[in-house]
Amino acid sequence: MLQLRSVSAGYGSFRALFDISLDVRDGEAVGVIGRNVAGKTTLMRAISGLIPIASGEMRLDGRSIADLPAHRVVEKGIAHVPENRRLFPRLTVAENLRMGAYVTTGRAYFDQQLAHVYDLFPRLKDRSSQQAGTLSGGEQQMCAIARALMSRPKILLMDEPSAGLAPLVVEQVFDLVQRIRGEGLTVLIVEQNVQQVLDVVDRAYVIEVGAVKLAGTSAELKDSTLIRQAYMGL
């Protein structure tokens with residue numbers, strides 16, 4: 001479904017990604033793990049069209065998305081749950097969800113998709129008239145995921161969904177990821193919580209200093225000495 005080949009990107013003259021290649025197949029959950037400033041968020045922004053790539057190729061369903069602006073990337077079927085949620089804090093939960101459905105595919109199926117996300121996140125239905133900025137951290141993360149789902153994406157990008165959340169809430173978020181996966185949605189998830197992300201993905205890539213250091217199935221990476229020592233403290 002999604003293919004990156006030798007993608008380099010950054011901010012102005014600063015290069016943060018160096019010749020990244022990865023694949024996400026239809027129906028898969030794929031993780032990208034690494035330490036802070038490894039380039040994980042830059043990767044997600046590049047895929048979403050929020051920053052231009054300097055070189056390389058990105059394809060979705062065989063068609064290039066490398067030069068598309070962010071709103072066109074969403075129209076093609078990629079939805080991004082950004083780091084730190086990035087909700088509209090003074091808008092209500094319902095208004096934030098409506099913002100997620102601005103693309104044609106989202107508008108055409110608005111009522112159907114709204115019912116679906118309220119089924120996934122019943123707490124949001126209870127708080128639909130509440131300002132998003134007054135929600136708890138876990139509720140804000142649910143709202144951010146639900147907003148992304150309102151566009152009826154082919155692939156969901158999730159950037160550090162556990163960041164800043166209490167351990168119990170982190171478990172709830174990853175349970176939701178499992179449920180979304182079970183419905184057949186393709187997921188690419190960036191996460192520092194290595195143990196938990198490897199429990200929910202099929203495969204993962206390890207990024208260090210803007211380049212792919214290691215790749216493999218979840219089971220292979222759990223058994224990797226590098227992963228166990230550098231990321232799990234084992």
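Per 5 Å bin, what percent of the C-alpha pairs of segment 61-190 does each bin hold, from zero upward?
Taking every Cα pair in segment 61-190, the percentages come to 2, 11, 22, 25, 22, 12, 5, 2, 0.
Compare the Cα positions of F18, N96, L198 along the charge dipole of the chain (+1 at Cβ of Lys, Arg; -1 at Cβ of Asp, Glu; about the Cα centre) and return the one farthest towards the positive end.
So the residue furthest toward the plus end is N96.
Give me the net charge for the shell around E139: Cβ to Cβ below 12 angstrom, other residues only, Lys and Arg +1, Asp and Glu -1.
+3
If you take every residue apart from T217 with its C-beta less than 14 Å away from the C-beta of T217, what net charge results, scoring Lys and Arg +1 and Asp and Glu -1?
Residues close to T217 contribute a combined charge of -3.
For segment 59-102, what percent of Cα pairs sit more than 16 Å apart?
Numbers: 462 of 946 pairs.
Here the tail beyond 16 Å accounts for 49 percent of pairs.
I need to check one value: relative contact order of segment 1-135, counting alpha carbon pairs closer than 8 Å and at least 6 residues apart, in percent.
Contact order relative to length: 22 percent.
Compare the Cα positions of C143, P52, Q113 along the charge dipole of the chain (+1 at Cβ of Lys, Arg; -1 at Cβ of Asp, Glu; about the Cα centre) and return the one farthest towards the positive end.
Farthest towards the positive end: P52.
Could you give me the percent of Cα pairs per 5 Å distance bin for segment 1-127, shortest bin first, beginning at zero and ending with the bin that holds the maximum distance?
Calculated P(r), rounded to whole percents: 2, 9, 17, 20, 18, 14, 11, 7, 2, 0.
If the viscosity is 0.692 mPa s and the temperature 37 °C, what translational diffusion coefficient in µm²/s does Stokes-Einstein give for the chain when Rh comes from Kirkwood over Cα pairs?
183 µm²/s
If you count, for each residue, the other Cβ atoms within 10 Å and average over each peptide, how do 14-27, 69-82, 143-156 line up from highest to lowest?
On the way: 14-27: 16.8, 69-82: 18.6, 143-156: 23.1.
Packing proxy ranking, top to bottom: 143-156, 69-82, 14-27.
Where does the chain land at 222 nm, in deg cm²/dmol rounded to the nearest 500, when only DSSP H runs of n ≥ 4 count, each adding -39500 (n - 2.57), divided by all residues?
Mean residue ellipticity, 222 nm, calculated: -11000 deg cm²/dmol.
Every number here is computed from the coordinates shown, using simple stated rules; none is lab data. Given the structure is predicted, the values throughout are model-derived calculations rather than measurements. Note that we place each Cβ from the backbone using ideal geometry, even for glycine, and neighbour counts take in every protein chain shown.
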